[in-house]
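Have a look at the structure below, then the notes.
Each reported figure results from applying straightforward, stated rules to the coordinates on display, with no laboratory input. Values in this document were obtained by computation on a predicted structure and should not be read as measured data. Cβ placement follows ideal geometry from the backbone for every residue including glycine, while neighbour counts extend to all protein chains displayed.
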Amino acid sequence: MVRFLDLEAINAVYAEKIEEALLRVARSGWYLRGKELRSFEEEYARYIGCRHAIGCGNGLDALRLILRAYMEMGVLRGGDEVIIPANTYIASVLAVTDNGLKPVFVEPNEETLQIDDTLIEQAITPRTRVVMIVHLYGRCAYTEHVGELCRKYNLLLVEDNAQAHGARFNSRRTGALGHAAGHSFYPGKNLGALGDAGCVTTNDDELAAVVRALGNYGSEEKYVCKYAGYNSRLDELQAAVLAVKLPHLDEDNMRRASVAECYYKEVRNPLVRLPRYVDPVSNVYHLFPVFCEERDRLRSYLMERGVETLIHYPIAPHQQNCYREYAHLSLPITERMHRTELSLPISPFMTQDEVRVVIEAVNDFR
Ligand SMILES: *Cc1c(COP(=O)(O)O)cnc(C)c1O
């Protein structure tokens with residue numbers, strides 16, 4: 001059986017150092033907002049190429065905190081519009097609506113799978129304040145054109161970097177391309193904790209201070225509440241684990257890329273479409289999506305052949321029950337992608353045999 005993602009195998013590689021880190025924290029008597037967090041924040045900020053990294057509870061919180069901080073700063077107001085790719089994971093949209101902001105869905109390009117930057121300008125209205133790009137599947141969504149539009153219309157550029165730790169646009173990392181970025185360290189992401197964790201990166205000193213306060217009850221000073229904040233913190237155990245794994249992230253991403261290279265070279269089936277190839281600098285292969293009109297039949301066929309797959313994602317945000325007010329929207333490209341997408345197994349530690357089993361099974365599908 002080729003598992004979709006073998007987290008046991010991934011974390012086993014670093015087991016000794018992870019266990020040492022967990023024990024060190026357990027014995028330290030200090031579990032929140034301590035030196036493990038500070039040191040991980042510094043290292044992650046340096047890795048991304050940003051002045052600040054602020055740990056928080058998870059990736060959804062990271063995005064919520066960014067938008068909420070802009071509200072507190074008076075930069076955003078309730079009802080302001082946020083341009084967002086229609087095919088994103090639901091968390092990106094929840095961060096927007098949770099702050100009383102309005103998501104404006106823009107269709108993706110079917111080849112790049114990212115927000116179609118040629119459709120952004122026509123979606124801009126006098127209420128537009130933010131463009132949120134989502135580096136979905138590990139592929140960099142930023143383009144020169146997105147940057148130009150944000151400058152021209154004075155819009156904030158927020159990145160959802162939950163799936164693309166380590167990806168680059170030329171020499172700059174995703175997470176350092178806009179005004180602020182939200183990162184998730186959910187266990188299955190490219191840099192994964194042993195539970196929930198996330199962080200915000202930014203070069204904006206004021207935003208960083210407000211995000212930091214908001215994640216700690218809205219306090220800058222203990223027991224003094226400047227904002228009606230949240231409790232969203234990255235704990236010392238998770239910070240220590242992430243600090244063990246971060247130095248190996250680029251290596252891990254290159255291993256993912258070598259699995260992807262095999263798929264691109266050898267998957268040949270007229271019923272299965274691969275997205276456009278982009279080099280492993282701008283793609284860290286969080287997932288390996290393929291598209292097939294008979295997706296569900298392909299999925300059960302692969303299962304019979306011992307290949308586990310997942311769908312990212314079965315329901316588009318505007319078709320979710322929680323967003324009934326957007327159900328009338330017609331977003332045919334997004335809807336087709338959600339109907340036909342299937343993610344093949346990919347991870348840094350898949351064996352060559354496993355990769356071969358996947359390729360042969362996909363190629364045999366009729
Ligand atoms: C995982 C993910 C999130 C949310 O991160 P959590 O840590 O699970 O809250 C947000 N956006 C995208 C695109 C994701 O893949």
Pairs 35/226; 35/222; 189/265: which exceed 23 Å Cα-Cα? 35/226; 189/265
What is the set of long-range amide H partners of residue 169 at a cut-off below 5 Å, with H atoms built 1.01 Å from backbone N? 174
Per the charge dipole of the stretch 7-247 (beta-carbon charges, Lys/Arg positive, Asp/Glu negative, Cα centre), the residue among 186, 171, 45 reaching farthest to the positive end is 45
Considering only DSSP beta bridges whose two residues both sit in the chain, what percent are antiparallel, to the nearest 5? 60
Residues with amide H under 5 Å from that of residue 290, placed H, sequence gap 5 or more: 342, 343, 344
Cα centroid separation - the stretch 313-343 against the stretch 220-263, whole Å: 29
Using a simple charge model, +1 on the beta-carbon of Lys and Arg, -1 on the beta-carbon of Asp and Glu, nothing else, what dipole does the stretch 174-314 show about its Cα centre, in debye to the nearest 20? 440
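Give a quick list of trypsin sites (Lys or Arg not before Pro) in the stretch 86-145 that DSSP marks as loop, anything other than H, G, I, E or B, with at most 12 other Cβ atoms within 10 Å.
On the way: sites: 127, 129, 139; in loops: 127.
Those that pass, being in a loop and sparsely packed, number zero.
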Between 122, 163, 114, which gets the highest mean-square fluctuation from a Gaussian network model of the chain, Cα cutoff 10 Å? 122
Counting only complete DSSP H runs, which helices of the chain cover 15 Å or more along their long axis at the Cα atoms and score a mean Kyte-Doolittle of 0.0 or above? 59-72
For the chain, take the convex hull of the Cα atoms, compute a quarter of its surface area, and give me that in nm², please. 18.1
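Suppose every K and R has +1 on its Cβ and every D and E has -1 on its Cβ; what is the size of the dipole of the chain about the Cα centre, in Debye to the nearest 20? Walk me through the intermediate numbers first.
On the way: 42 positive and 50 negative charges, 81 e Å.
Dipole about the Cα centre, nearest 20: 380 debye.
State the antiparallel share, in %, of DSSP beta bridges confined to the stretch 127-277, rounding to the nearest 5.
Values: 10 of 18 bridges.
Once the DSSP bridges in the stretch 127-277 are tallied, antiparallel ones form about 55 percent.
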Can you list the lysines whose alpha carbon sits under 16 Å from that of residue 17, skipping same-chain ones fewer than 8 residues off? 245
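Calculate for the chain the 222 nm mean residue ellipticity that helices alone would give, adding -39,500 (n - 2.57) per DSSP H run of length 4 or more and normalising by residue count, nearest 500 deg cm²/dmol. Write out the running numbers ahead of the final one.
On the way: 12 runs with 136 residues, N = 366.
So the helix-based figure for the chain works out to -11500 deg cm²/dmol.
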